[in-house]
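Student: Take a look at the following structure, please.
The values are calculated or read from the model by the stated rules, or taken from the named source; none is laboratory data. Model, not experiment: these values are computed from the prediction. No Cβ is skipped: glycine too gets one built from the backbone with ideal geometry, and neighbour counts run over all protein chains shown. Quick note on the areas: whole protein, heavy atoms, side chains included, nothing else; ligands and nucleic acids left out. Shrake-Rupley method; radii C 1.70, N 1.55, O 1.52, S 1.80 Å.
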Amino acid sequence: MIAQYYRDPDGILPNSAAIAFTVLGYPLGIALMTQAFWPVKAIGLLLVALTLIWSAYFIHELAHQTIFKTLEANTRWGMAMTWINGSCYAYFADLRRKHMRHHVERADVMTFDVQGFLRRAPAWFRNTVLALEWAYFPAVEFVMRGYVIALPFIRPGAGKSRLRIIAIFGVRTAAFAALGWYSLSALALYAAAYLAMVTVLRFADCFQHTYDAYPILDESPIPNDKLRDRAYEQANTYTNVVGVDSPWLNMLWLNFGYHNAHHARPTVPWYRLPAFHRELFDASDSQVIPVRLLFKSFHTHRVIRVLSADYGEVLPLEAARRADGFVGAVGVSFLTAV
């Protein structure tokens with residue numbers, strides 16, 4: 001009977017298992033974090049971090065309608081996943097619409113000009129953000145999340161959305177207050193798990209494109225200043241995997257690292273992406289940048305990329321340390337695109 005809801009017959013088992021793991025593992029992980037035995041708490045921390053990450057990437061899958069047959073089912077489950085990882089302040093439909101622009105227009109179409117905001121901000125605020133980023137705290141991502149919450153209060157005629165934001169904030173604040181009252185250490189561990197999720201997502205987003213970035217709140221088109229065809233798309237898209245043939249490790253982010261394959265055909269579901277990648281690309285394809293080559297760039301450019309004018313450059317395949325100049329993107333998460 002469950003088969004009638006899924007888009008593809010071969011997706012019944014992997015999707016059912018992964019969704020069940022995410023939906024059930026999240027509360028189980030929280031429960032484990034409240035226990036007195038610290039090894040159990042550590043298991044809970046890892047479980048919550050992983051289910052937060054998977055819930056985020058399921059939002060991406062559901063936005064592309066790769067899971068269920070109907071738009072309604074994908075939307076309902078997408079909304080559920082936003083509640084798990086805290087992106088529920090934005091409407092799932094808005095997240096989906098903005099992400100589709102990324103694919104159609106072949107650019108990073110962002111909601112908020114975070115770089116312009118930081119340049120105009122008081123020096124103490126800008127320097128605080130840069131200091132936090134130096135210390136590996138993803139301050140820019142929290143500025144973006146703050147903007148999503150504040151947007152209805154900035155935009156005129158958004159009364160209902162303001163009430164919705166207040167209600168969501170009240171519910172989530174009460175839930176975290178209850179968790180802290182029951183176990184302060186569990187609340188601290190939850191914060192650590194959330195930071196792990198944000199860091200994993202921003203690392204993936206950081207090194208998947210050398211697109212142009214455009215902060216556009218409405219539906220205005222991006223400038224028609226260059227040919228952005230499929231060749232441009234693939235040349236400015238990168239596959240950042242632990243290893244092309246590392247199935248379990250790439251599952252950390254639901255195969256999101258096979259990004260060239262995803263952009264070649266965005267409707268291919270997460271569990272088929274490794275095989276689809278091998279159909280399209282050689283093992284030594286220049287667009288493949290193993291994660292091990294990106295750690296140095298992530299570290300070296302962690303402050304520079306906050307205000308960088310572009311994403312840097314990736315050198316040809318034969319170049320030594322070819323990813324060292326890949327500055328990377330900042331503030332382009334699909335969880336904050338509204």
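Student: Name the residue that is farthest from residue 190 (Cα to Cα), counting only residues in region 1-53 that are in a helix (DSSP H, G or I) and of a type in the set (S, T, N, Q).
Tutor: Per the criteria, the residue is 4.
Student: Regarding residue 77, is this residue open to solvent by 60 Å² or more (accessible area, probe 1.4 Å) and either in contact (Cβ under 8 Å) with a residue 12 or more places away in the chain or in a helix (DSSP H, G or I) (or both)?
Tutor: Criteria met by residue 77.
Student: Would you mind finding the one in 266, 221 that is in contact with a His (Cβ under 9 Å, 6 or more places away or on another chain), open to solvent by 30 Å² or more (accessible area, probe 1.4 Å) and touching a residue at least 12 places away in the same chain (Cβ under 8 Å)?
Tutor: 266
Student: Find all pairs meeting these conditions: Cβ atoms under 9 angstrom apart; at least six residues apart or on different chains; first residue within region 226-238 and open to solvent by 70 Å² or more (accessible area, probe 1.4 Å); second residue in a loop (DSSP other than H, G, I, E, B) and modelled with pLDDT of 95 or more.
Tutor: Pairs that qualify, where the first residue is open to solvent by 70 Å² or more (accessible area, probe 1.4 Å) and the partner is in a loop (DSSP other than H, G, I, E, B) and modelled with pLDDT of 95 or more, are 230/106.
Student: Assuming residue 65 fulfils every condition listed in (1) in a helix (DSSP H, G or I); (2) open to solvent by 10 Å² or more (accessible area, probe 1.4 Å); (3) of a type outside the set (Phe, Trp, Tyr) apart from one, which condition is it?
Tutor: (1)
Student: So in region 83-94, with the set limited to residues that are hydroxyl-bearing (Ser, Thr, Tyr) and more than 17 Å from residue 201 (Cα to Cα), which one is least open to solvent (accessible area, probe 1.4 Å)?
Tutor: The selected residue is 89.
Student: Determine if region 239-254 includes at least one residue that is modelled with pLDDT of 95 or more, within 20 Å of residue 197 (Cβ to Cβ) and either in contact with a Ser or Thr (Cβ under 8 Å, 6 or more places away or on another chain) or open to solvent by 50 Å² or more (accessible area, probe 1.4 Å) (or both).
Tutor: Within region 239-254, not a single residue is modelled with pLDDT of 95 or more, within 20 Å of residue 197 (Cβ to Cβ) and either in contact with a Ser or Thr (Cβ under 8 Å, 6 or more places away or on another chain) or open to solvent by 50 Å² or more (accessible area, probe 1.4 Å) (or both).
Student: Being over 25 Å from residue 71 (Cβ atoms), free of Cβ contacts under 8 Å to residues at least 12 places away in the same chain and open to solvent by less than 50 Å² (accessible area, probe 1.4 Å) is the filter here, so list the residues in region 1-41 that pass it.
Tutor: Across region 1-41, the qualifying residue is only 40.
Student: Sticking with this one: Restricting attention to region 95-122, report how many residues are farther than 25 Å from residue 56 by Cα and open to solvent by less than 50 Å² (accessible area, probe 1.4 Å).
Tutor: Qualifying residue count, region 95-122: 3.
Student: Tell me which residues, restricted to region 301-325, are closer than 22 Å to residue 137 by Cβ and part of a loop (DSSP other than H, G, I, E, B).
Tutor: 301, 302, 303, 307, 308, 311
Student: While we're on this one: For residue 128, all conditions in the list (1) open to solvent by less than 50 Å² (accessible area, probe 1.4 Å); (2) within 30 Å of residue 303 (Cα to Cα) hold save one; what is the number of the exception?
Tutor: So residue 128 meets the others, but not (1).
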